[in-house]
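The values are calculated or read from the model by the stated rules, or taken from the named source; none is laboratory data. Source: prediction; values computed, not measured. Please note: Cβ atoms are built from the backbone with ideal geometry, for glycine as well, and neighbour counts cover all protein chains shown. Keep in mind that these areas ignore ligands, DNA and RNA; they rest on the heavy atoms of the full protein, side chains included. Shrake-Rupley method; radii C 1.70, N 1.55, O 1.52, S 1.80 Å.
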Amino acid sequence: MIARLAHISFVSSFFFASLAHAQQTNMVDQSSVEIRNQKSEIRNGKLEVSEIVVSATKFGEESWKSGSSISVVPEGILRLERPFQTIEPLRGEPGVTVNNGSGALGGVSQVSIRGLPFSRTLVEVDGLRLNRPIDGIANFPDLPPLLMGNIELLRGPQSSLYGSEAEAGVVSFTTPRGQGDPTGGASFEAGNFDTRRERVFSSGKEEYFDWNIEGARADSDNKRTNNNFRQDAGAMHLGFDVSETARFDVVGRWTDFTVGAPNGIQGFGANDPDDRLIRRMRLISPSFTLAAFEEWESKLTLGYIGVGQRFETPPDVFADHSESWQLDWQNTFRPAEWNTLVAGVQGRFERATTSESSGIAAFDRDTDSVYVSDSVRLAEWWGMTLSARFDDNDQFHDAWTYRASQVFKCPETETRLHMSFGTAFRAPTISELQPLFGPFSGANPNLVPETTEGYDVGVTQPLLGGALEFDSTYFYNNIVNLIAADSAFVLQNISEARTEGIENSIKWKALKELQIRASATLTATTSKDVRFSGNDLARIPRETASVGVTWLPMEGVESSLVWNFNGEAFDDAANTQKLSAFNRLDLYASYQTTPWMKIFARCENMLGYRDQQTAFFPGLGRTYAGGVEFKY
């Protein structure tokens, strides 16, 4: 398998290099920018790529200086594509698998990075964990696409800075602050399946105070009977400049949605006419930042996030609720131009509650953590980052994790060699440790954390003054103490798994008005469970690929065409139920008719495939919508 991956990587690299020699147009230098093909910033009718900073080290730096594998999806993607689900912009990113379990709006939607199981990716929203402590799942319908800044994807074990669940990597969302003159507006759109969405928004800055606020209502009947979806949501970022060196911020989000749950199209409970899921999320996070000296910045953040759900299957009702309170104090020191040190402490209290006809159950747990990261940039051609973290949890053994990354740059050719090695862990969820769902749920209080070791090595080559750039990265991860049910259906640390593969990507700004990006990922997953030894891990395709083109044909017009391919996979650990490969082609366009009005349209899955990312749950097929936005 490794030989096959290496061969395809070499062929891909040769193809990318051939494109470079075939292009003779003079290009703009953007070698220090990590961009997404058709998703760069679009400003004043021009396609521009701004310098993007990332937080792989918990402080901002240009992505090319990091030895970690990072992708950044700029916030411009949401302005152009206007997705109904936040998970959609992640399709096609190297190493990322998107799974919309029910195939419709409102269904459980998760991401996997580098082939690891879906609940092994940490999803953060303004530093708070979307992964629920009750089951470890980060469900993207809880996070509608409102007030989204850049989306950062950190690949590889990241527990040395982020703690539990970051075995595969981290997906980080931020809520941008308001800027510029006060502005506001509203939009309305409608499409097939009786899909509608209304939005209102306002942002700006007045002297010391800034704001960014948005609210939305979304409705869709989806395609199947008893699958209608209704969602109300809002987001805000309020900020106050206390002084030139101090700032107070408050970020908040809320989501309420309900969706019919007809189950699969065949099998047990198929096409249920009245099952229903009701779900809500609340997030609030005030923070205070002090930068009294150029060499030192301190930020204190208090956060709360709660996610609850109620599943109605007449005559029974099942409900659960997860909530987490978090206090984080992070300090960033810059003792020299070539050295940045980050040190922080974090405390987190988590609670999970369930209620059903048999009664109510509730369990708590505490985690106290300390972390440190030291980044050294002794020269333009070399940089290194070392990080470590200690987590003390009152329900499982303590966890030490560490990570090291390096980047080497050849000044003559701009070639960059990046590499990293790290460890990570996933704490048993509260429902895995405690019988929240009854005495026969399989819970085991003796479980210990899963642990992961992983590394990657890659080469990035910019050409044509940086307008063309390709990257090829090999990765490897090994998980031990993987939690799985034994023959008596009791959870045990009895399983292991391995993933490895190659991520190839290319970014090409062919013209000022034309930008292209392509990616291809080959992933080999292997279960070491004695019952399924040698099998592929469930729902992880061996091949994924993407090509995207953004074109600005004339002033005020923006368009984007995106193709994604998902290879074959298996729906179960036994590898008995195959999931077919599928292609997806999406088209997006908008036209700024006047300074205060924009019209837009999209057609997703133009080829009409009703793919099944989970067996017996077909997708919607072709969807389309159009609308208008008014802004003053």
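Here the alpha carbons of the range 360-455 define both size measures, Rg and Dmax, at 19.9, 66 Å.
Counting each DSSP H run of 4 or more residues in the chain as -39500 (n - 2.57), what helix-only mean residue ellipticity at 222 nm follows after dividing by all residues, to the nearest 500 deg cm²/dmol?
Details: 4 runs with 35 residues, N = 632.
One gets -1500 deg cm²/dmol as the mean residue ellipticity at 222 nm.
Partners of Lys65 within straight-line reach, counting lysines whose Cα lies under 30 Å from its Cα and excluding those fewer than 8 residues away in the same chain: Lys39, Lys46, Lys299, Lys409, Lys507, Lys509, Lys512. Within the assembled protein chains, the solvent-accessible surface assigned to Lys528 is about 80 Å², based on a 1.4 Å probe.
Modelled this way, with points 7 Å down the Cα-to-C-beta line, the labels at Leu386 and Trp325 are 3.7 nm from one another.
Taking the Cβ-Cβ separation of Thr225 and Asp364 as r and a Förster radius of 41 Å, what is the calculated FRET efficiency to the nearest 0.05? Numbers along the way, then the final one.
Details: r = 41 Å, r/R0 = 0.99.
Calculated value: 0.50.
Projecting label points 7 angstrom from Cα along Cα→Cβ for Gln266 and Phe489 puts them 2.5 nm apart. If you model the range 560-601 as an ellipsoid using its alpha carbon gyration tensor, with each semi-axis the square root of five times an eigenvalue, the axes come out at 41, 10, 5 Å, biggest first. Residues Met148, Met606, sorted by accessible area with the largest first, give Met606, Met148 [1.4 Å probe; ligands and nucleic acids excluded]. Once you treat every alpha carbon in the range 252-367 as an equal point and sum by Debye, what is log10 I(q)/I(0) at q = 0.11, 0.12, 0.16, 0.22 Å⁻¹? One equal scatterer on each Cα of the range 252-367 leads to -0.59, -0.65, -0.87, -1.18.
Pulled fully out, how much extra length does the chain show between Lys631 and Lys528, if you take 0.36 nm times their separation in residues and subtract their Cα-Cα distance?
Working: separation 103, 0.36 × 103 = 37.08 nm, distance 5.59 nm.
So the extension gain works out to 31.5 nm.
Distant-in-sequence amide contacts of Ser69, defined by a placed amide H-H separation under 5 Å and a gap of 5 or more residues or a different chain, comprise Arg155.
Quick one: if the Förster radius is 35 Å, what FRET efficiency do Ala292 and Phe318 give, using the C-beta to C-beta distance and rounding to 0.05?
0.10
Only Cα sites of the range 562-632 enter the Debye sum here, all with the same form factor; the resulting log10 I(q)/I(0) across q = 0.14, 0.15, 0.17, 0.25 1/Å is -0.58, -0.62, -0.70, -1.04, listed in q order. Size descriptors for the range 440-579 (Cα atoms only): Rg and Dmax, in that order, 20.9, 65 Å.
Just to verify a number: FRET efficiency for Arg334 and Thr183, C-beta to C-beta distance, R0 = 35 Å, to 0.05? Each step should come with its number before you reach the end.
Details: r = 35 Å, r/R0 = 1.00.
My answer for the efficiency is 0.50.
What shape does the range 64-124 take by its C-alpha gyration tensor, where a ≥ b ≥ c are the square roots of the eigenvalues and a/c under 1.5 counts as rounded, a/b above b/c as prolate, and the rest as oblate? Oblate shape, in that a/c is at least 1.5 and b/c is the bigger or equal ratio.
With labels modelled as points extended 7 Å from the Cα through the Cβ direction, what inter-label distance (nm, one decimal) is found for Ala574 paired with Phe248? Taking the two extended label points, one gets 6.0 nm. Between the labelled values [x] 1.11; [y] 0.93; [z] 1.37, the entry that holds Cα Rg over 2.2 N^0.38 Å as derived from this structure is [y].
Note on the chain: with neighbouring protein chains present and a 1.4 Å probe, carbon and sulfur make up 59 percent of its accessible heavy-atom surface.
Computed over the range 144-197, the P(r) tail beyond 18 angstrom holds 60 percent of alpha carbon pairs.
Rolling a 1.4 Å sphere over the protein heavy atoms, what is the accessible area per residue of the chain, to the nearest Å²? List each step's numbers first, then the result.
Numbers: 25720 Å² over 632 residues.
Normalised by residue count, the accessible surface of the chain is 41 Å².
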